[in-house]
Amino acid sequence: MRGWRAVSWIGAMATISAGILMYRHGVGGLSVLLVHPGGPYWRNRDLGAWSIPKGELNEGEDAEAAARREFKEELGIEAVGPLHSLGDIRQRSGKIVRAFAMEGNLDVRAVLSNTVAIEWPPRSGHTIDVPEIDRAAWLDLSLARKKILASQMPLLDRLGTFALPRSRSNRATKSQCKSAFAPSCLRKTCRKALAAD
């Protein structure tokens, strides 16, 4: 896919995670599903703390399979449907996140996260179990930009380019067609849109 480079440009030692940015279309426009990390460290953090459901790849695991597995582990619900690549981003920690978009309409009231063990307080030697995420929410793009981790914001930009609804004439817009992340379903209508440019 054009518009992003594979993880090799980051370096062989980078940890790779995979995740899914679920989206849906509503009366108010496009909204996305984000999750808030559980545990005492994140309890009072909101803006800039939310994330897409994601996690590290197991050895030899395919990125799409890992993204679906992590979605199920964090939300307790299977991610069923086609995935569209959003490319790679690099987080401040150096971790690479390989992201995919999926259209869906998950009921956040049904979310049931797995638990993870953490040391708390830090360096105390005491371990507690906390939910990997403590809540999930559908957010419009404007609010999502305020709540998502800064390093993941490019995923919203990429999603907003190709997931925008088509016009009433069912034709792709020029901005959708010019995007490196335009989905294959728009290719036929893109030729007509760009021809008029």
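The values are calculated or read from the model by the stated rules, or taken from the named source; none is laboratory data. This structure is a prediction, so every number in the text was calculated from the model and none was measured. Positions of Cβ are generated from backbone atoms using ideal geometry, with glycine treated the same way; all protein chains shown enter the neighbour counts. To get the accessible areas, we keep the full protein, side chains included, count just its heavy atoms, and leave off ligands, DNA and RNA. Shrake-Rupley method; radii C 1.70, N 1.55, O 1.52, S 1.80 Å.
Quick look at the values:
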quantity: Meets criteria (part of a loop (DSSP other than H, G, I, E, B) and either surrounded by 15 or more Cβ atoms within 10 Å (Cβ to Cβ) or at pLDDT below 95 (or both)) for residue 3; calculated: yes
quantity: Residue within segment 123-142 that is farther than 18 Å from residue 41 by Cα, among the aromatic types (Phe, Trp, Tyr) and in contact with a Gly (Cβ under 8 Å, 6 or more places away or on another chain) present; calculated: no
quantity: Residue under evaluation residue 85, criteria (1) free of Cβ contacts under 8 Å to residues at least 24 places away in the same chain; (2) surrounded by 13 or more Cβ atoms within 10 Å (Cβ to Cβ); (3) within 16 Å of the chain's Cα centre (by Cα), criterion not met; calculated: (1)
quantity: Selected residue (criterion: modelled with the highest pLDDT) from residues of segment 146-159 that are open to solvent by 60 Å² or more (accessible area, probe 1.4 Å) and not hydrophobic (A, V, I, L, M, F, W, C); calculated: 146
quantity: Segment 119-145, residues that are open to solvent by 60 Å² or more (accessible area, probe 1.4 Å) and within 29 Å of residue 29 (Cα to Cα); calculated: 134, 135, 140, 142, 143, 145
quantity: Residues (of a type outside the set (Gly, Ala, Ser), open to solvent by 50 Å² or more (accessible area, probe 1.4 Å) and without any contact (Cβ under 8 Å) to a residue 24 or more places away in the chain) located in segment 44-79; calculated: 44, 45, 58, 59, 62, 69, 72, 78
quantity: Complete set of residues in segment 88-113 that are out of contact with any Pro (no Cβ under 7 Å at 6 or more places or on another chain), among the polar types (S, T, N, Q) and surrounded by 14 or more Cβ atoms within 10 Å (Cβ to Cβ); calculated: 91
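Conditions tested, residue by residue: (1) outside any loop (DSSP other than H, G, I, E, B); (2) aromatic (Phe, Trp, Tyr); (3) under 20 Å from residue 135 (Cβ atoms).
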{"position": "39", "(1), (2), (3)": "no, no, yes"}
{"position": "42", "(1), (2), (3)": "no, yes, yes"}
{"position": "73", "(1), (2), (3)": "yes, no, yes"}
{"position": "86", "(1), (2), (3)": "yes, no, no"}
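Each row is one residue, and each column tells you yes or no for (1) outside any strand (DSSP E or B); (2) at pLDDT below 50.
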{"position": "139", "(1), (2)": "no, no"}
{"position": "161", "(1), (2)": "yes, no"}
{"position": "169", "(1), (2)": "yes, yes"}
{"position": "181", "(1), (2)": "yes, yes"}
{"position": "185", "(1), (2)": "yes, yes"}
{"position": "193", "(1), (2)": "yes, yes"}
